[in-house]
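Beneath this line is the structure, given in structure tokens, with notes to follow.
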Amino acid sequence: MLFTIMLSTSRRNDNFRTWGISPYFDSESANLLCKGLSCGDENLRAWCVCQLGRTGYKWHKEELEKLLMDKSWKVRANAAIAGGKESAAILRDDRHAFVRLVGYGF
């Protein structure tokens with residue numbers, strides 16, 4: 001009976017607009033995510049690297065080199081994954097054990 005009441009009081013709204021906003025990142029999100037790479041928060045930088053990798057972002061060599069030398073091990077590990085075999089090989093002698101593990105994972 002409760003559901004009957006709830007359903008009868010709900011109205012159908014046909015006056016909606018689509019704004020073209022997606023809850024997922026795509027190639028159009030790359031500029032915003034690239035801005036996040038210069039943030040002071042290491043977690044946000046690492047997250048942006050990961051999200052850019054998921055969108056199929058084409059990394060510039062200078063961008064990856066900078067990220068591979070980041071002070072945060074999280075950023076370095078994500079950059080190694082995003083850059084593939086060549087980037088991962090650079091980090092096989094990293095000072096952080098997890099980053100080294102990522103480096104040998106390829």
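The values are calculated or read from the model by the stated rules, or taken from the named source; none is laboratory data. Here the structure is a predicted model, which means the values were calculated and not measured. Note: ideal-geometry Cβ built from the backbone for every residue, glycine included; neighbour counts use all protein chains shown. Note: areas computed on protein heavy atoms with side chains; ligands, DNA, RNA excluded. Shrake-Rupley method; radii C 1.70, N 1.55, O 1.52, S 1.80 Å.
With respect to residue 58, determine if the residue is out of contact with any Leu (no Cβ under 7 Å at 6 or more places or on another chain) and touching a residue at least 24 places away in the same chain (Cβ under 8 Å).
Values: out of contact with any Leu (no Cβ under 7 Å at 6 or more places or on another chain): yes; touching a residue at least 24 places away in the same chain (Cβ under 8 Å): no.
Answer is no for this residue.
Checking residue 70 against (1) in a helix (DSSP H, G or I); (2) at pLDDT 80 or above, only one condition comes out false. Which one?
Status for residue 70: all satisfied but (1).
Does the stretch 6-14 include one or more residues that are of a type in the set (D, E, K, R) and modelled with pLDDT of 90 or more?
Taking the stretch 6-14 as the starting set, the residues that turn out to be of a type in the set (D, E, K, R) are 11-12, 14.
From the residues that got through so far, the ones that are modelled with pLDDT of 90 or more too are none.
Scanning the stretch 6-14, I find no residue that is of a type in the set (D, E, K, R) and modelled with pLDDT of 90 or more, so the answer is no.
What are the residues in the stretch 38-63 that are more than 19 Å from residue 88 (Cβ to Cβ) and in a loop (DSSP other than H, G, I, E, B), if any?
Residues satisfying the conditions are 38, 39, 40, 41, 55.
Going by the structure shown, is residue 75 of a type in the set (A, V, I, L, M), in a helix (DSSP H, G or I), at pLDDT below 90 and touching a Lys or Arg at 6+ places or on another chain (Cβ under 9 Å)? Reasoning before the result, please.
On the way: of a type in the set (A, V, I, L, M): yes; in a helix (DSSP H, G or I): yes; at pLDDT below 90: no; touching a Lys or Arg at 6+ places or on another chain (Cβ under 9 Å): yes.
So residue 75 does not fit the description; no.
Quick check on the stretch 83-102: of everything there that is of a type outside the set (Asp, Glu), more than 18 Å from residue 52 (Cβ to Cβ) and in a loop (DSSP other than H, G, I, E, B), which residue is most open to solvent (accessible area, probe 1.4 Å)?
95
Given the criteria hydrophobic (A, V, I, L, M, F, W, C) and either modelled with pLDDT of 90 or more or under 19 Å from the mean Cα position of the chain (by Cα) (or both), does residue 89 qualify?
Values: hydrophobic (A, V, I, L, M, F, W, C): yes; either modelled with pLDDT of 90 or more or under 19 Å from the mean Cα position of the chain (by Cα) (or both): no.
Judged against the criteria, residue 89 is not a match.
Regarding the stretch 74-88, can at least one residue be identified that is in contact with a helix residue (DSSP H, G or I) (Cβ under 8 Å, 6 or more places away or on another chain) and charged (D, E, K, R)? Reasoning before the result, please.
Looking only at the stretch 74-88, we keep the residues that are in contact with a helix residue (DSSP H, G or I) (Cβ under 8 Å, 6 or more places away or on another chain), and these are 74-83, 87-88.
Subset that is charged (D, E, K, R): 74, 76.
Yes, there is a match, as at least one residue in the stretch 74-88 is in contact with a helix residue (DSSP H, G or I) (Cβ under 8 Å, 6 or more places away or on another chain) and charged (D, E, K, R).
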